[in-house]
Amino acid sequence: MTINGVLVGTTPYEQSIPGGYLRKTKTSLGSRLEHPLVARLTLDGYAAKEIQLTEGPMSWVSTLKGHNHGAYWLLKTDHFQVELQSTSQTFTGAVESVSGSTTLVPGPRPELSLEELVGRTKPAVVFLKSLTKSGTGFFITATGVIATNAHLARGEEALLATLPNGTQLEAKIVYVDPELDIALAKATGEGFPHLPLAEASTVRQGESVLAIGNPGDAMLFSVTRGIVSAVGRFDAAGPGTWIQTDAPINPGNSGGPLLNSRGEVIGINSQKLIKKNVSGIGFALSASDLLEVLQRFYPTGSNAKESIATSANAKLPSGASMMNTAASPQISPGFGVTEITSDPDGAEIFLDDKFVGTSPATLRLSEGAHTLTIKSLHHTDWQRSITVLKDSVVTVKAKLDPI
């Protein structure tokens, strides 16, 4: 168990605390808790659980002279009972993913009209609400697993999920990632409409995208449209691979899907750049990051009940692999991470002749040989062959010569 990221021991865990941590102290000499506390419990075979131990902040104002002594937090109770949920019972069904080198049908996947796109994807989107905040999520399995943002789910035991048809369900928070802005919830039921996830390698700069969400003080399940402005790492937004878009993303859209024209989720809408004289810049955390989280609960090569099924071409190119465990349970492909930087910065990255983003970038690639090409205006192209091993991290630093 950790508290605020520090390992404190195992359960049952006891800690002596001052009385001022449970109730407001009456004198300036009393102890007070000057920061929030979040506990995280992990156990093999069970979904990790985060618990907000405190409530606040509250202002400590002297009753005699009215002096403000600063903010404080109080523990919600002196005893916490936590129940962890088994991953085998929670993460059921199958997650469908699409990679840059695989597709279910030979040839390009068909693009949908705007009306068709909304009609097919909107039923899988949900409005999530707690007592203090609201946002969006979307089903990723037919068995009720919902993806959303961690900042929406953190500190909550459950959220109220409203479907487009008005049905309301309880969505229990089953996982909150400690680093990425990703959380998973679970609604009870079967046969939910759900969305496939497309890896970052499928995303093209300039392609049309659609965002579906529930912006505050506006109509639920609103649709906005834009293009992919850029793809890659963006440290100011946080860890992970980010998709920058000009599709309007407002408070309440958080956790909703950013969709390509084929109805595949390419990212989770997460934040909007708020700055004077700046507009039309939103960010979505890539579906590749979501897939990486899901690999912990849906390991490939296991049974069909817990699997990530990747659509596969009839004729697989080099480096591509089948992950549909229901059809091929003996196949267990591997992936590695490739971190790419370049001089100059912001160069275009092509993997196996397909554009995947701009530098710097972190890519999750299937194991095997790949051709990496870096291009920048007024510079000669930089090209190398790289070999990705399972669970490896490959660092690429490309220096492009000026023409």
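The values are calculated or read from the model by the stated rules, or taken from the named source; none is laboratory data. Because the structure is a prediction, the values reported are computed rather than measured. For neighbour counting, all protein chains shown are included, and Cβ atoms are generated from backbone atoms with ideal geometry for every residue, glycine included. Protein only, heavy atoms only, side chains kept; ligands, DNA and RNA dropped before computing areas. Shrake-Rupley method; radii C 1.70, N 1.55, O 1.52, S 1.80 Å.
Could you sort D353, D44 by their accessible area in this structure, using a 1.4 Å probe and putting the largest first? Mind dumping the intermediate values first?
Numbers: D353 125, D44 150 Å².
Correct descending sequence by accessible area is D44, D353.
The amide H of R154, built 1.01 Å from its N in the peptide plane, has no neighbour under 5 Å, considering only residues 5 or more places off or on other chains. Listed cross-link partners K186/K354; K24/K49; K186/K390; K354/K399 are compared with a 24 Å cut-off, the Cα-Cα value being larger for K186/K354; K24/K49; K186/K390. Taking amide H as placed 1.01 Å from N in the peptide plane, F335 has its amide H under 5 Å from the amide H of E367, D391, each at least 5 places away in sequence or on another chain.
How much of the accessible area of the stretch 140-212, probe 1.4 Å, is carbon plus sulfur, in whole percent? Accessible surface attributable to carbon and sulfur in the stretch 140-212 totals 49 percent. The residue list A187, V209, P239 was ranked by how far each Cα lies along the charge dipole of the stretch 110-248 toward its positive end, using unit charges on Cβ atoms, and A187 comes out on top.
Hydrodynamic analysis of the stretch 72-201 uses the Kirkwood radius over alpha carbon pairs. Inserted into Stokes-Einstein at 37 °C and 0.692 mPa s, it gives a translational diffusion coefficient of 199 µm²/s. When peptides 290-298, 392-400 are sorted by average Cβ neighbour count within 10 Å, with the highest value leading, the order is 290-298, 392-400. Under the simplified labelling scheme, the H151-K24 pair shows an inter-label distance of 3.0 nm, with each label point 7 Å from Cα along Cα→Cβ. Maximal additional length on extending the F80-E111 stretch stands at 6.1 nm, based on 0.36 nm per residue less the C-alpha distance.
Sorting F283, F350, F80 by accessible area puts them as F80, F350, F283; the probe is 1.4 Å, largest comes first, and only protein heavy atoms count. For a paramagnetic label modelled at 7 Å from the Cα of T11 toward its Cβ, which residues of the stretch 185-204 fall within the zone defined by backbone nitrogen distances under 20 Å? Answer for the stretch 185-204: 185-186. Scoring 216-223, 9-16, 250-257 by mean Cβ neighbours within 10 Å over their residues and listing the highest first yields 250-257, 216-223, 9-16.
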